[in-house]
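Data first, discussion second: the structure below is written as structure tokens.
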There are 2 protein chains.
Amino acid sequence: MAHRPTSRDVAQAAGVSQATVSLVLGDKWRGRVSERTAGLVRDTARELGYRPNLAARHLRLGRTRTALLVVPALTNEFFARVYTGAAGMAAEHGFGVVLYPSPEGVGPARDPFASARAALDGVIASSMAAQTLGAIRGTDLPLVMLDSDPDDPVPAARVNVDIADGMRQVAAHLLGLGHRRFVHLASAVPSWTFEVRARALREALRQVPGTSLRTVSAPLNADAAREAAERALTSPETSGGGPDATALVCDDDILAAGACKAVRRLGRRVPDDVSVTGFDDLALATAVEPELTTVRLPAERVGEQGMAALLAVLDGRSFEAPDLPVSLIPRASTARAPR
Amino acid sequence: MAHRPTSRDVAQAAGVSQATVSLVLGDKWRGRVSERTAGLVRDTARELGYRPNLAARHLRLGRTRTALLVVPALTNEFFARVYTGAAGMAAEHGFGVVLYPSPEGVGPARDPFASARAALDGVIASSMAAQTLGAIRGTDLPLVMLDSDPDDPVPAARVNVDIADGMRQVAAHLLGLGHRRFVHLASAVPSWTFEVRARALREALRQVPGTSLRTVSAPLNADAAREAAERALTSPETSGGGPDATALVCDDDILAAGACKAVRRLGRRVPDDVSVTGFDDLALATAVEPELTTVRLPAERVGEQGMAALLAVLDGRSFEAPDLPVSLIPRASTARAPR
DNA sequence: TCGTCATCGTGTTACGTATAACCTACTGGC
DNA sequence: GCCAGTAGGTTATACGTAACACGATGACGA
């Protein structure tokens with residue numbers, strides 16, 4: 001038997017029919033097959049190293065117990081943690097999760113379903129993976145969106161993090177330290193999750209008289225962030241909050257790392273002259289110096305809830321859950337405003 | 001037709017047999033089907049939005065044109081780039097690549113093949129994914145190893161980066177700057193790729209009289225690295241190369257970031273008092289300050305070559321390639337030795 | 001007129017699994 | 001003695017695709 005053993009091989013070796021093997025190994029034998037035979041089948045299967053042929057099973061069942069997780073970029077540690085959470089929850093229900101990293105920028109839109117190399121029961125997608133979202137909507141697969149606009153009615157379910165609250169906590173933290181002149185270093189990636197940050201910050205500052213806010217944006221890499229921050233901290237903007245800003249609020253830890261470099265390059269210090277905040281609490285946040293004050297997002301929980309939502313939808317149930325809570329982690333990159 | 005259209009549906013709509021549809025869409029029709037009919041079939045398929053059922057195709061063919069890429073951790077940007085390279089090369093040959101992130105540390109060894117959710121033609125695995133390697137060897141799938149010990153005869157093919165040369169370049173760079181007392185901050189992850197670094201550094205320094213080398217190791221995160229580096233730079237070691245070291249050679253950029261923090265925490269400066277080098281040239285290397293002198297590895301090339309090797313093996317050909325070259329990127333974290 | 005050959009297809013099968021439908025003792029009850 | 005019921009299986013089938021092994025038709029040379 002040079003070939004991989006099939007259920008028929010197991011059946012022959014055990015002296016039963018293929019159907020019996022299928023019943024026993026599928027755990028549907030209670031009351032239909034004797035304890036003795038079931039044991040024999042299991043032993044034989046183990047002995048032969050039988051592994052069911054997934055393609056055949058999928059063909060037969062139509063369902064695959066497989067979900068696709070669409071992430072904007074593989075590099076982003078946040079989504080690595082989302083995957084971990086989703087895979088864990090999936091495993092508890094006999095599901096698998098395969099990853100599709102959406103090509104960054106405007107790459108050649110590969111086919112996410114062809115590259116998944118498996119039939120899919122559903123999709124969990126980050127709203128940042130805009131590249132790929134169109135292709136998904138072209139199918140009738142149930143779609144769970146992560147951090148997406150609640151007004152957008154497309155997905156079957158939605159799992160959101162309370163981003164707005166995170167930004168409010170950042171604002172409160174900085175206001176409490178006496179800061180009044182802010183720069184918002186925003187992500188240039190168009191996504192709801194970043195729009196929310198901008199809106200929440202703007203509104204939080206509007207509550208406090210005498211504050212000013214200027215916004216610049218940059219793609220999600222440290223160099224671009226540094227340049228954008230330098231620009232914001234030097235060019236004399238008319239509407240205040242520019243060169244003399246004391247707080248730099250960033251959409252993301254990577255941007256914050258770039259911002260810190262900009263500050264120092266301009267001869268000022270973090271946090272003595274300018275306070276900087278990040279978002280996400282990536283490993284990077286504690287790798288740079290000073291360590292970043294940032295907002296920790298429950299990435300694993302996002303994955304878990306996303307998978308739970310998908311399972312619910314596949315089960316015909318509906319899924320509603322409150323936004324997941326976040327928490328501000330104060331570290332060394334923020335301090336009392338100067339003067 | 002509420003269902004997804006099958007090749008039979010296309011056949012019926014086009015007024016031909018299913019076999020013809022299969023021939024045309026499989027691009028095997030030349031000389032067997034008229035140009036006119038082929039065009040008709042293709043148009044009909046497009047119109048109906050026909051997508052071949054992968055499970056059925058895989059079942060029929062036995063081969064899946066799918067490779068599994070086993071990476072040690074999803075977070076590691078290096079492997080994200082390896083994936084990109086591998087996926088690109090695969091796409092050129094009608095192959096797909098699915099990812100399996102080996103559980104970090106000693107997690108519950110999930111089954112990489114079950115979680116791949118598809119039958120596989122072969123596996124490309126990093127030698128760092130020790131967790132998962134055992135399970136792979138249990139199968140008879142062709143295995144391509146990345147950065148593995150050339151004396152280990154297991155895999156069908158091997159793709160290595162000239163790590164040793166990278167470390168020699170680091171040593172030459174630092175020796176050229178006048179450094180003589182070294183600390184090697186090594187990765188605690190057991191893997192050939194790290195052993196090579198240690199050996200190459202040791203041998204490069206042995207060439208130069210009057211040098212000293214001390215080695216400490218840490219897991220791949222910034223905090224652990226900082227602690228290990230602090231230990232090495234304070235505790236009075238008998239054999240020299242300890243507290244008064246002027247060069248800190250790190251196995252990895254993440255370790256280097258931690259090392260920089262250790263140096264500053266001890267009241268010394270990078271690079272004025274202590275030079276620090278990394279490895280890999282991750283985004284982190286330019287996100288921290290000072291930017292890290294490091295060794296750039298051709299990650300995408302590793303993926304491409306890995307896939308090329310697998311394709312060759314599947315094709316019955318053998319694959320031999322020289323180690324991929326690396327290059328030292330001098331940045332701000334290294335400078336002339338003090339005094 | 002007939003055989004040969006190329007052109008353009010089609011019928012059929014198998015891949016390995018899950019499951020509905022059926023079959024065959026055997027046991028008990030009356 | 002016979003029927004009902006149940007335990008313990010088996011047989012047969014379909015899922016959607018690829019590809020092998022056959023036609024059928026017509027043109028053409030001898």
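Please determine, by comparing only the residues of the stretch A:108-142 that are over 23 Å from A:Thr75 (Cα atoms) and open to solvent by less than 50 Å² (accessible area, probe 1.4 Å), which one is farthest from the other protein chains (Cβ to nearest Cβ).
The first filter runs over the stretch A:108-142 and keeps only residues over 23 Å from A:Thr75 (Cα atoms), leaving A:118-122, A:137-142.
Then keep just the ones that are open to solvent by less than 50 Å² (accessible area, probe 1.4 Å); that gives A:118-122, A:139, A:141-142.
Numbers: A:Ala118: 4, A:Ala119: 5, A:Leu120: 9, A:Asp121: 10, A:Gly122: 13, A:Thr139: 9, A:Leu141: 11, A:Pro142: 15 Å.
Restricting to residues being over 23 Å from A:Thr75 (Cα atoms) and open to solvent by less than 50 Å² (accessible area, probe 1.4 Å), the top hit is A:Pro142.
Among the listed residues A:Gly267, A:Gly210, A:Gly278, identify the single one that is more than 10 Å from chain B (Cβ to nearest Cβ), small (Gly, Ala, Ser) and free of Cβ contacts under 8 Å to residues at least 24 places away in the same chain.
Working: A:Gly210 fails: free of Cβ contacts under 8 Å to residues at least 24 places away in the same chain; A:Gly278 fails: free of Cβ contacts under 8 Å to residues at least 24 places away in the same chain.
From the options A:Gly267, A:Gly210, A:Gly278, the qualifying one is A:Gly267.
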key: Sole residue being over 23 Å from B:Val161 (Cβ atoms), more than 14 Å from chain A (Cβ to nearest Cβ) and open to solvent by 10 Å² or more (accessible area, probe 1.4 Å), chosen from B:Asp244, B:Asp223   = B:Asp244
Considering residues of the stretch B:1-47 that are in a helix (DSSP H, G or I), within 11 Å of DNA strand D (Cβ to nearest atom) and β-branched (Val, Ile, Thr) only, the residue surrounded by the most Cβ atoms within 10 Å (Cβ to Cβ) = B:Val21
task = With the condition kept exactly as written, say whether any residue in the stretch A:65-80 is in contact with a helix residue (DSSP H, G or I) (Cβ under 9 Å, 6 or more places away or on another chain) and within 16 Å of DNA strand C (Cβ to nearest atom).
result = yes
key: Pairs, first over 21 Å from A:Gly49 (Cβ atoms) in the stretch A:8-36, second more than 6 Å from DNA strand D (Cβ to nearest atom) and not in a helix (DSSP H, G or I), C-beta under 7 Å, six or more apart   = none
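So if I check each of B:Ala86, B:Ala56, B:Ala80, B:Ala91, which one is within 16 Å of DNA strand D (Cβ to nearest atom) and either under 30 Å from A:Met89 (Cβ atoms) or part of a helix (DSSP H, G or I) (or both)? Write out each step before concluding.
On the way: B:Ala86 fails: within 16 Å of DNA strand D (Cβ to nearest atom); B:Ala80 fails: within 16 Å of DNA strand D (Cβ to nearest atom); B:Ala91 fails: within 16 Å of DNA strand D (Cβ to nearest atom).
Of the residues listed, the single one that is within 16 Å of DNA strand D (Cβ to nearest atom) and either under 30 Å from A:Met89 (Cβ atoms) or part of a helix (DSSP H, G or I) (or both) is B:Ala56.
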ask   = Which condition breaks for B:Asp9 when tested against (1) more than 9 Å from DNA strand C (Cβ to nearest atom); (2) away from chain A (no Cβ under 14 Å); (3) in contact with a Ser or Thr (Cβ under 6 Å, 6 or more places away or on another chain)?
value = (3)
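The values are calculated or read from the model by the stated rules, or taken from the named source; none is laboratory data. This is a predicted model, so every value here is computed, not measured. Neighbour counts are summed over all protein chains in view; Cβ atoms, including those assigned to glycine, are modelled from backbone coordinates with ideal geometry. Please note that ligands, DNA and RNA were not included when accessible areas were found on the heavy atoms of the full protein model with its side chains. Shrake-Rupley method; radii C 1.70, N 1.55, O 1.52, S 1.80 Å.
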